[in-house]
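Enquirer: Can you keep this structure in mind? I'll have questions shortly.
Computed from the coordinates by the stated procedures, all read-outs in this text should not be read as laboratory data. Note that this is a predicted model, so its numbers are computed, not measured. Every residue, glycine as well, gets a Cβ built from its backbone with ideal geometry; the counts of neighbours run over all protein chains shown.
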Amino acid sequence: RFVCIICMDSKQTSSASPTISPSCAHRSSVCKPCLKTCIETALSSKTTTTSSPPPKCPECRSEITFEYVQKEFPTLASAYSDHLLRTYLLSIPEYRPCLKPSCPGGQLHSSKSDQPIVTCPLCSAKSCFTCHIPWHASRTCAEVKNEDRANEELLRKLTKVCPSCGARVEKVDG
């Protein structure tokens, strides 16, 4: 028997993998249901412009391989495959993911193109290849950057950071 380091339940030794990753130098102290949840969480946490790290062993932080997931948790293999594809695509300088968080789309766009507009083939959302924000048809990237800078400066001048919660608040009195 062993105690799972995540749920703290006493488990049969058979309910844990002997090792989680080829580079793990320890016997696993995580039960399979908890490990599956860890992997699901790692695979579901993605950002639009950077790839999320691969699932890692909760004990030693070694990468959990696709082969291990495919063998031990076949229902997660497709999600891991999608994760690997997304990581690869995000490594290509000409690739731009869709900026809509709910959309898995993206496209390759030549940086030499005179038109920096990128249109998602799945949801038709438009974004700027150059500055990675929603498309700004009537303004240049420099104008958008200057406007953002001016807005940030105005926010700094007119508000203060609340010492309790960290939110920016406008001081009205006192």
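Enquirer: Return the long-range amide H neighbours of G106 (sequence gap of 5 or more, or a different chain), with a cut-off of under 5 Å between placed amide H atoms.
Expert: Amide H neighbours of G106: C98, L122.
Enquirer: What does the C-alpha gyration tensor say about the overall shape of the chain? Classify as rounded when a/c is under 1.5, otherwise prolate if a/b is larger than b/c, or oblate. Intermediate results must be reported in sequence, preceding the final value.
Expert: Values: a/c = 3.55, a/b = 1.58, b/c = 2.24.
Oblate, because a/c is 1.5 or more while a/b does not exceed b/c.
Enquirer: Could you point to the residue in N151, L84, I117 farthest towards the positive end of the chain's charge dipole, with +1 and -1 charges on the Cβ of Lys/Arg and Asp/Glu respectively?
Expert: L84
Enquirer: Calculate how steeply helix 77-90 sits against the longest principal axis of the alpha-carbon atoms of the chain, using the helix alpha-carbon long axis, and give the answer as 0 to 90 degrees to the nearest 10.
Expert: Taking Cα atoms only, the helix is inclined about 40 degrees.
Enquirer: Too long at a 31 Å Cα-Cα cut-off: which of K36/K145; K112/K145; K56/K100; K126/K160?
Expert: Among K36/K145; K112/K145; K56/K100; K126/K160, the Cα-Cα distance tops 31 Å for K36/K145; K126/K160.
Enquirer: Next up: Just subtract the alpha-carbon distance of E153 and R139 from 0.36 nm times their residue separation and send over the number in nm, one decimal. Mind dumping the intermediate values first?
Expert: Numbers: separation 14, 0.36 × 14 = 5.04 nm, distance 1.99 nm.
Between E153 and R139, full extension yields an extra 3.0 nm.
Enquirer: Follow-up. For the chain, build the charge dipole from Cβ charges (+1 Lys, Arg; -1 Asp, Glu) around the Cα centre, then report which of P18, C128, A42 sits farthest towards its positive end.
Expert: Working it through, the farthest residue towards the positive pole turns out to be P18.
Enquirer: Can you show me the helix-derived [θ] at 222 nm for the chain, built from DSSP H runs with n ≥ 4 at -39,500 (n - 2.57) apiece and divided by the number of residues, rounded to the nearest 500.
Expert: Taking each H run of at least 4 residues, the total per residue is -9500 deg cm²/dmol.
Enquirer: Karplus couplings for the range 13-19 from phi (6.51 cos²θ - 1.76 cosθ + 1.60, θ = phi - 60°), rounded to Hz, Gly and Pro as x?
Expert: Coupling constants for the range 13-19: 4, 5, 8, 9, 6, x, 9 Hz.
Enquirer: With unit charges on the beta carbons (Lys and Arg positive, Asp and Glu negative) and the dipole taken about the Cα centre of the range 1-91, which residue among M8, P58, T75 sits farthest to the positive side?
Expert: M8
Enquirer: Treating the beta-carbon of each Lys and Arg as +1 and of each Asp and Glu as -1, no other charges, what is the dipole magnitude of the chain about its Cα centre, to the nearest 20 debye?
Expert: 240
Enquirer: About the Cα centre of the range 1-91, how large is the charge dipole given +1 on each Lys and Arg Cβ and -1 on each Asp and Glu Cβ? Please answer in debye to the nearest 20.
Expert: 140
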